[in-house]
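> This is the structure I have questions about; it appears just below.
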């Protein structure tokens, strides 16, 4: 492994970790379920994807498994967030500041 590859992998690990931390902060800070889903759903997919890219940079032998996981995350992440939001809406969970239905 070259110095450039190690530096690229380290930068990807730092960036992926920062994305994940931002998602956790959004989970703690935002007021309602829908805002929290938006924060965690978007950011966590990108954070884990960047961490997997760092793993590929460090060890190219696992590229097949990593690419399958990245594809699964990109496809399943938004679907899962939508399903959770739809379930919350069906259960009657209101958004922050939303008035009651007439």
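Just so it is clear, none of the values below were taken in a lab; they were calculated from the coordinates. Since the structure is predicted, the reported quantities are computational estimates derived from the model, not experimental observations. Here the Cβ positions follow ideal geometry from the backbone for every residue, glycine too, while neighbour counts run over all protein chains shown.
> The chain: percent of C-alpha pairs farther apart than 17 Å?
61 percent
> Once both labels are modelled 7 Å past Cα along the beta-carbon direction, what's the residue 74-residue 88 spacing in nm?
2.6 nm
> Any chance you could give the angle, 0 to 90 degrees and rounded to 10, that helix 33-58 forms with the longest Cα principal axis of the chain?
For 33-58 against the chain, the angle is about 10 degrees.
> With a 10 Å radius around each residue's Cβ, average the other Cβ atoms per peptide and rank 68-76, 35-43, highest first. Can you show the working numbers first?
Values: 68-76: 12.9, 35-43: 17.9.
Output ranking for 68-76, 35-43: 35-43, 68-76.
> Using helices alone, I'd like the mean residue ellipticity at 222 nm for the chain: each DSSP H run of four-plus residues gives -39500 (n - 2.57), total over residue count, nearest 500.
For the chain, the value works out to -28500 deg cm²/dmol.
> Taking the Cα atoms only, what angle lies between the long axis of helix 63-90 and the longest principal axis of the chain, rounded to 10 degrees?
Orientation of helix 63-90: about 10 degrees from the principal axis.
> If you don't mind, there's one more thing I want to ask. Given a cut-off of under 8 Å on Cα pairs at least six residues apart, what relative contact order in percent is computed for the chain? Spell out each step's value before the answer.
On the way: 86 pairs, mean separation 33.0, N = 102.
It comes to 32 percent, rounded to a whole number.
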